[in-house]
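Q: What follows is a single structure, and I will ask about it in a moment.
Here, each number is a calculation from the coordinates, and none is a lab measurement. Model, not experiment: these values are computed from the prediction. So basically every Cβ, Gly included, is an ideal-geometry build from the backbone, and we count neighbours across all protein chains shown.
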Amino acid sequence: MKTTPNVSLWHSPRRVLFAALGLICIGLAFLGVLLPGLPATIFLIAASYLFSRSSPVLAERLLLLPIFRPFLPYVRGDQPLPRRARVVALTVMWIAVTSSLTLLFLGGRLRFWAATLIVGAALIGSFSIVTVRR
């Protein structure tokens, strides 16, 4: 049976690239907190993904930032997400979906493929929120 050697962060160009992109995403997320119109959440999600693929140390440090500390038990799977949080997440998500579809329709820019994509993503998100217990 062949085993792959443990490759450190600095010996893999892909891991270095992912770590660098993750750090850039963190910087953009902090700018997003300060600048209106620049989203912070998506950059934090991207950084989390990039760090999980490049460096467990950086991924852990991201989760230990004070802003994430209250959510750490849910991310690590120590506790399931409370029912109230699930209800709020579903409600806010479907309000956003309905608002988006309505505004696109009223503006004459709603296309069938876009509506299908938006509703499909919302259904997948809803299924995840309802069924996944970490």
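Q: If you place +1 on the Cβ of every Lys and Arg and -1 on the Cβ of every Asp and Glu, how big does the dipole about the Cα centre of the chain come out, in debye to the nearest 20?
A: Taking the Cα centre of the chain as origin, the dipole is about 260 debye.
Q: Same structure, new question: Once both labels are modelled 7 Å past Cα along the beta-carbon direction, what's the PHE30-ALA96 spacing in nm?
A: Distance between label points: 2.4 nm.
Q: Over the chain, what lengths in whole Å, largest first, do the semi-axes of the equivalent ellipsoid take, defined as the square roots of 5 times the eigenvalues of the alpha-carbon gyration tensor?
A: That gives 32, 20, 18 Å for the three semi-axes.
Q: For the chain, what does the helix formula give at 222 nm: sum of -39500 (n - 2.57) over DSSP H segments with n ≥ 4, over the residue count, nearest 500 deg cm²/dmol?
A: Details: 6 runs with 93 residues, N = 134.
About -23000 deg cm²/dmol.
Q: Starting with the fewest neighbours, write out LEU28, LEU106 ranked by other beta-carbon atoms found within 10 Å of each beta-carbon.
A: By the 10 Å Cβ count, ascending, the order reads LEU106, LEU28.
Q: In degrees between 0 and 90, to the nearest 10, how far off the longest principal axis of the chain does helix 83-106 point, with axes built from Cα atoms?
A: 60 degrees
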